[in-house]
1. Of all residues in region B:105-133 being over 18 Å from B:Gln157 (Cβ atoms) and over 22 Å from the mean Cα position of the chain (by Cα), which is surrounded by the fewest Cβ atoms within 10 Å (Cβ to Cβ)?
2. Could you identify the single residue in B:Leu76, B:Leu66 that is at pLDDT 90 or above and either surrounded by fewer than 19 Cβ atoms within 10 Å (Cβ to Cβ) or within 14 Å of chain A (Cβ to nearest Cβ) (or both)?
3. Pick from region A:122-170 the residues that are outside any strand (DSSP E or B) and of a type in the set (Lys, Arg): which of them is surrounded by the fewest Cβ atoms within 10 Å (Cβ to Cβ)?
4. For the condition away from chain A (no Cβ under 14 Å), crowded, with 16+ Cβ neighbours inside 10 Å and either over 16 Å from B:Gly140 (Cα atoms) or among the acidic types (Asp, Glu) (or both), what is the one hit in B:Thr209, B:Thr204?
5. Restrict the check to region B:8-18 and report whether at least one residue is surrounded by 15 or more Cβ atoms within 10 Å (Cβ to Cβ) and within 16 Å of A:Leu379 (Cα to Cα).
6. Which residues, counting only those in region A:71-90, are under 34 Å from the mean Cα position of the chain (by Cα) and part of a strand (DSSP E or B)?
7. As an exercise: evaluate B:Glu114 against (1) in a helix (DSSP H, G or I); (2) more than 14 Å from every other protein chain (Cβ to nearest Cβ); (3) not polar (S, T, N, Q) and give the number of the one condition it does not meet.
8. Of all residues in region A:369-392, how many are in a helix (DSSP H, G or I) and either touching a helix residue (DSSP H, G or I) at 6+ places or on another chain (Cβ under 8 Å) or under 19 Å from B:Leu107 (Cβ atoms) (or both)?
Amino acid sequence: MKAFSLSLKGLRRDLRAADVRALFVALMLAVAASTMIGFFLDRLDRGLTRQAGQLMGGDLVLEQSDPFTKELRQTLRDAGLTLSQQVDLVSMASRDNAFQPVSLKVVDPAYPLYGQVRVERGDGTETLAHGPDPGSVWVAPRLARLMGFEIGDTLRIGESTFTVSGLVEREPDQSAGFSAFNPRVMMHRDDLPATGLVQPGSRLEYELLAKGPPDAVARVQSRLDRLRDNGVEVRDVREDRPRLGGALDRAQRYLSLSGLAAVLLAGVAVAMATRRYVDRHLDTAALLRCFGASQRQLSTLFSLQLMWLAVAASVAGALLGLAGQAGLLAILTRFLPLELPPPGPLPLLMGVFTALAILVGFAGPMLLRLKCVSALKVLRRELDPMPVSGWVVIGVASLVFGALLWLYSGDFMLSLGLLVGGELALALLWALGHVLLTALLWLVRGAAGDDRHGARHAWRLGARQLARRRQASLGQLLAFSVTFAAMAIIALVRGDLVSAWEAQLPENTPNYFAINIQPDERDGFREIVENASDTRSDLYPIVRGRLVTINDQPAEATVSADQEAPDELRRALNLTWRATLPAGNRIVAGEWFDADAPAGDDRPVPISMEQGLAERLDVSLGDVLGFDIGSEHVSGRVTSLRSLDWESFRPNFFVIFPPGALERFSHSYITSFHLENDRQATIGKLVSRYPSVSLLNVDAILEQVRELLAQVTRAIELVLVFVLLAGVSVLYAALTASRPMRAHEGALLRVFGAGDRMIARIQGAEFALLGIASGLLGALLAEAAALGVYLVWFDLPPRLHWPLWIVLPVGGALLIGGIGHLLTRSVRRQAPMESLRLLGET
Amino acid sequence: MVDDSLNDSKVSILHAAQVSQRVRSGERVLTILDDLALEVHTGESVAILGSSGSGKSTLLGLLAGLDTPSEGEIQLFGESLTALGEDGRARLRAGQVGFVFQNFQLLPTLTALENVLLPQELAPSSDDEQRARTWLSRVGLGERLDHLPKQLSGGEQQRVAVARAFVSHPRLVFADEPTGNLDRATGAHIIDLLFELNREMGTTLVLVTHDHALASRCERCLRLEEGRLQLMDHAEVAS
């Protein structure tokens, strides 16, 4: 109790000291950055899960060919889930003498569980949270065009006739997206029996959609597992969340990286401020020893004092982080679902934990000095305890930071790698710093000294002071280099991520997919598209085939028992043939087949496989894959593996055969192309001339992805500001720490006759040189770190960032010069006697 | 050689026997204190005189348990300092020993009042602040409670230090060149104050100085020379 109140009292008095304020600010920023990013990622993750639920139609989707039992539905309801049932089937719609296959979706009153349906009702577009009324159907606009009817007309499906009461512009559950080749017809559940479509042998898919919190889904997990074993298709949003693209993954990684950079910077600031704090408290510790305090009392006292500071900083930081994440969310609000789950307590706890960990790691070893103070110091001032070795400080700090890295990234090897790399880089920086300072001293020694009061003289004196105070200068050099490097990496990655995103979806990205183009329609279709579109992909033939054997073993058998067979084994794949490597594909292993090589009848043909699928199926070069196509079996030997960009909005294929291998099978063609908004007449022409071709407009998806990228870009800019602030806090802490020393030097110079301007110039020169040197080392470190981060984390091509080598040294000189000038201004104004006296007392 | 003014009827508060202190300086070993003996009794005031570098401060540090001798035995309040660890010695000092230093040793970020409160905070009681105020008034600084050291003159700072030394009613006060950093007139005021309080509180005072005028105010004066203590007579001190 005594120690509690004493430490609180001490802290209250200490709040006047600059180092304590620097410690507070650094810890607060670290907590703010980590909680802001933690809160945000946590809510984003949960929000995305919910949005994915919307895309799937529910958090849980069960699919089978028979109706679901009442008992199962009750079980799910009892677990706290809201249910909706759907039936999907392909049927034929007719009107007059025209027939058209349609994709029929039969919905109940609970539909849709998530989102709303956008329907054109004749008198305008409405967004509705229900399906069509009994007796009426809603249809895709394409069907109305194909069959030539309007809203209010009738349409016959099975044995019933329906009034078309709306055109569906957007369904909330668009997961069917590309696979729903036939135009949509949506019908009320009550109408289904009368159509007579439900007959023994009809191909119906019953879907049971459920909405509810993850713990409700978890409650029925064992039941779901049993259903899976019985052949029911179970899609769980937690497992099957569609990836909203690598962009968001990278953004999340970027945010995590930024959070860690802010934590690292704050750690460095804490270390710098703690040094000053400890120096300043050596006398207090010695006096307290003199008055009878034990070593334990001293360590308790100072540890508690800093712990209070950390707790206060955590609370302030957490509040700031909470506000920051609200800012991030406000930026992303158009993209994210409206009802985001509230912030959870975990990021807050993580924030406080982070602050305490930083304190222990970055300040702990230095605090031990206070405990070791001899009481005799009150009589002999020079009796300071041995300073803790810089390497011990760095070692302990690195260990703690490594542990934080591990905690945040969940990747032990990555954390270890970064840690070891970081230590090596620090050792290298230390050596380079030595070389730089020696070179500096050598340079100024050579400089002529004829203008004793001019700028050159000031530069020479400044350089000398910097180089001679080697240990202190090296410490600052190291801290500033790491600071500049961390700030630079966050800025670099931001720039490169954004340009990668911009390059990924240029203005003329294909916005239409055309599927089901018959061979005899190919040339005519191509001609129209070529005349109208500025960018288009080739027309790729598609043959549907199932992958059934791998090296003559059943393909399913190659997947280990505890793993679920990849989706690609459960459905037919789109296969194509082609002589050349498609645009945007890259060979990562093996060689592209020689299209002119003669194909032997008895040998498997060479095939090229997508890298990701090969990994999932454990297929490597030389393996022979067998496909069932129609009633025939075709095999191919994998001779190359390809990487490709699934987000390119171009037709992509898992498996490509050489020309001559698949032509005999029934096939159609697929292509994608870009059309400006004002060239939609082309669509009309294509639709009327090739009615069986399915045209999919992906403008909406494209727009959503673009908007997402723009908003994520803005969000990471906000994070960048935080990292830059943390960097400035390091500079402030470090320069605060060195203020008494500079005050002493300034006072001595004044005693020896230097004027205020001269001292300002000398100190300015010293700060500027320190800034330039730190900037150069920082640029080197940033380039090295960026190389690793790009390759390992962001899958971006590494490159040299030459502007860094100018911006960092110049910016460093200005920044350190500016802050240093401000901090030493008051010192320069003091009478030299006072500066010297103050130094004697601290 | 050995202090021969022992009076067995008095209670010993500080006892040193065969104390030597050696330090290594490069290849050489310097002997600062050599087989030194001292006995101080309750309520006594003792001055230790010596020229600069004679080892006065080293001796004071050893007697107060701030350091341990290379050889010999020192007892404070009847307990052997040499047998105690650093923490044990600190505990022994707590609340029982006051200090006045040549360079005042006030903490620059603490006000006068807070500086006086500092030793009491190790064993706080409810009237600490009132006592600290009273003591600051007693040394004539009742109006300067909230001033930081840098806002006080040297003499005022030393008065704060004197108040801090006496605030916990110590049994023993060590003073290390208490006037060393002050001009003669201010120094004289401080000395008056120190002896007045010492008398009033019945404290034992051990004072280290090279100022003969200051030493002559003590009941007993010892000279530290070549590592040993010798009793000085009054004529010798006055010269």
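The values are calculated or read from the model by the stated rules, or taken from the named source; none is laboratory data. Bear in mind the structure is a predicted one, so any value in this text is a computation, not a measurement. Virtual Cβ from ideal backbone geometry, glycine too; neighbours counted across all protein chains shown.
1. B:Ser126
2. From the options B:Leu76, B:Leu66, the qualifying one is B:Leu76.
3. The extreme case among them is A:Arg145.
4. Of B:Thr209, B:Thr204, the one residue that is away from chain A (no Cβ under 14 Å), crowded, with 16+ Cβ neighbours inside 10 Å and either over 16 Å from B:Gly140 (Cα atoms) or among the acidic types (Asp, Glu) (or both) is B:Thr204.
5. no
6. Listed by number, the residues that qualify are A:Thr82, A:Leu83, A:Ser84.
7. Single failed check for B:Glu114: (2).
8. Looking only at that region, the number is 9.
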